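Quick notes on the structure that follows.
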Amino acid sequence: MKFTSAQLDDGVLERAFTLDGIPGILWTPESASVPVPLVLLGHPGGLHAMHSRLAGRARASVVEHGFAAATIELPGGGERPRSAAAEQARSDLRRALAAGDPVDEIVDRLVLPLVDNAVPEWQAALDALLALPEVRGPVGFSGGPIAIGIRFAVVEPRITAAVLFAGSFVPAAMFDEARQLTIPLQVLLQWDDEGNDRQAALDLFDALGSKEKTLHANMGGHAGVPQSEVTGGAQFFARHSS
């Protein structure tokens, strides 16, 4: 891991880094005297475009609870190389949705390779972050795409709790993985999300195997997540950080 820039803003140290060519950002408390727990922030790709929202989510954990927060760029996101197969699948998905055609096979082509590539990168980032003297477990995951969050939480025992954002397509095969989850979960659903199948999101929540799981459903579209959910997600991790 190589840090490439740093800035201090109202008690929060934000450092950009690269890890094997993958861009990322780490937020830590300025005054932390001991290693602090870590929250990993998932997102749909495009660190630059998502920066303000990611920074807001990070501050909720760093300022209010003294945690560290970190994120990395998705495969094919931001300035990372594009996948021709993924771009074709996105085009096919838009066309199928507009025509009202079945999309299951297209979703598989788009999402499953992304999950397969992204989760090992998240694990490598977690290795590097926990090697830093200022960061320790327990570790939480917050965000999406939800298929990545599910796979990551299933295969990575260092993830002790997760807030999953239900706002993206999930391949049918991922439902079997969802049933394997046992950690505490909080699922965030925008009720009128124009890009998300509400019933599919509810079916996925039902499939999640965790005994402790909570669904937070709010009115509004994809970008209308209330601020209370940002602070609520941080509070959820605080409750499960001991």
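The numbers here are math on the coordinates, done by the rules we state, and not lab data. This structure is a prediction, so every number in the text was calculated from the model and none was measured. Heads up, the Cβs are rebuilt from the backbone with ideal geometry, glycines too, and the neighbour counts pull from every protein chain shown.
Residues in the range 129-176 that are buried (at least 18 other Cβ atoms within 10 Å of the Cβ), of a type outside the set (V, I, T) and touching a strand residue (DSSP E or B) at 6+ places or on another chain (Cβ under 7 Å): 15 in all. The strands (runs of 3 or more DSSP E) found wholly in the range 1-99 include none carrying at least 2 residues that are out of contact with any strand residue (DSSP E or B) (no Cβ under 9 Å at 6 or more places or on another chain). The residue of the range 210-234 that is farthest from the chain's Cα centre (by Cα), among those that are surrounded by 14 or more Cβ atoms within 10 Å (Cβ to Cβ) and charged (D, E, K, R), is K213.
In the range 48-82, which residue that is of a type in the set (D, E, K, R) and buried (at least 18 other Cβ atoms within 10 Å of the Cβ) is nearest to D10 (Cα to Cα)? So the residue we want is R59.
Across the range 94-111, what is the number of residues that are of a type in the set (A, V, I, L, M, F, W, C) and without any contact (Cβ under 8 Å) to a residue 60 or more places away in the chain?
Result for the range 94-111: 6.
Only residues that are more than 18 Å from G233 (Cα to Cα) and surrounded by 15 or more Cβ atoms within 10 Å (Cβ to Cβ) were counted in the range 181-199, giving 3.
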